[in-house]
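Right, one structure below, let's go through it.
No value in this document is a laboratory result; all are computed from the given coordinates. These figures come from a predicted structure and were not determined experimentally. For neighbour counting, all protein chains shown are included, and Cβ atoms are generated from backbone atoms with ideal geometry for every residue, glycine included.
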Amino acid sequence: MRHNPVYALTDRAAVRRLVAEHPFVTIVSATSRGLVASHYPVILDDTSAETGDEEIVLLGHVGRPDEELHELGEHDVLVVVHGAQGYVSPSWYDRSEPEVPTWNFTVAHLHGRPEILSAEENYAVLGRFVDHFEAGLAHPRPLEGTPEDAALAREIHRGTVGFRIRVTRVEAKRKLSQDKPDATVAHVIDELSADGLHANPALAADMRAHTEETR
């Protein structure tokens, strides 16, 4: 990722929030057979006493035979986390100045070597996954909500391989028009919040939150 100090995101707590809010990630491995990329959800591992805002530990799983394709555990992988992103039109800027279009986004590149989980630990993590994403539903359904669910889960989990990644390097960027005047940023947020062709409420919310954080 090209380094740009204006857009650099160095706050580990903010990166952790990015993972929590956008858990569907891209996992990239440079294997002996070439590059391999897969797409899976992850959650943050907050069970360790050592885990705090400064440490990022990911839990996830792949479906067989992706663990072989990725040579999982044999080398570091790159986990790409995408936040809200979208087009920004120059027509939303001050028309008295020359401008060009751009793309706003938040993204993080997380590096680390996966630790392969045992079958039982993987099953426990799958249960945590389900509990995590079912939380808040009117009628949450845990992995072992019924004896039949439990039997099916025990059967299906054998086709997955769980992993834990302690992130050792973070490269993150948050490009949210922070190099523009406050009035321009406010206008971009208004346009993204409207009903136009490039409406993008999620990106508008990120820009609004970042503006409030930096005031």
Length added when fully stretched, Arg169-His139, from 0.36 nm per residue minus Cα-Cα = 6.9 nm
Overall dimensions of the chain by Cα: Rg and Dmax, Å = 20.2, 68
Checking Glu155, Glu71, Glu97 against a Gaussian network model of the chain (alpha-carbon springs below 10 Å), the top fluctuating residue turns out to be Glu97
Estimate the FRET efficiency between Val80 and His198 by the formula 1/(1 + (r/R0)^6), using the beta-carbon distance for r and 25 Å for R0, to the nearest 0.05.
-> 0.60
Where the only charges are on Cβ atoms (+1 Lys, Arg; -1 Asp, Glu), what is the dipole of region 101-215 about its Cα centre, to the nearest 20 debye?
-> 540 debye
If amide H atoms are modeled at 1.01 Å from N in the peptide plane, then the residues at a separation of 5 or more from Val77, or on another chain, having amide H under 5 Å from its own are Gly112, Arg113
Tell me, in nm to one decimal, what length is gained between Ala37 and Ala124 on full extension, where the rule is 0.36 nm per residue of separation less the Cα-Cα distance?
-> 28.8 nm
So what's Rg/Rh here for region 117-208, counting alpha carbon atoms and using the Kirkwood radius for Rh?
-> 1.23
In whole Hz, the Karplus estimates of ³J(HN,Hα) for region 8-14 (6.51, -1.76, 1.60; θ = phi - 60°; x where Gly or Pro) are 4, 10, 10, 6, 4, 4, 5
Got a sec to turn the phi values of region 199-208 into Karplus ³J(HN,Hα) couplings, 6.51 cos²θ - 1.76 cosθ + 1.60 with θ = phi - 60°, whole Hz, x for Gly and Pro?
-> 4, 7, x, 5, 5, 4, 5, 5, 5, 5
Order by protection proxy (mean Cβ within 10 Å, highest first), peptides 129-140, 171-182 = 171-182, 129-140
Using a Förster distance of 25 Å, the FRET efficiency for Arg64-Glu148 (Cβ separation, nearest 0.05) | 0.60
Grab the DSSP H runs of the chain that are 4 residues or longer, score each as -39,500 (n - 2.57), total them, divide by all residues and round the 222 nm result to the nearest 500 deg cm²/dmol.
-> -9000 deg cm²/dmol
Over all directions, average the projected area of the Cα convex hull of region 148-200 and note it in nm².
-> 8.7 nm²
Convex hull over the Cα atoms of region 1-84, averaged projected area in nm²?
-> 6.7 nm²
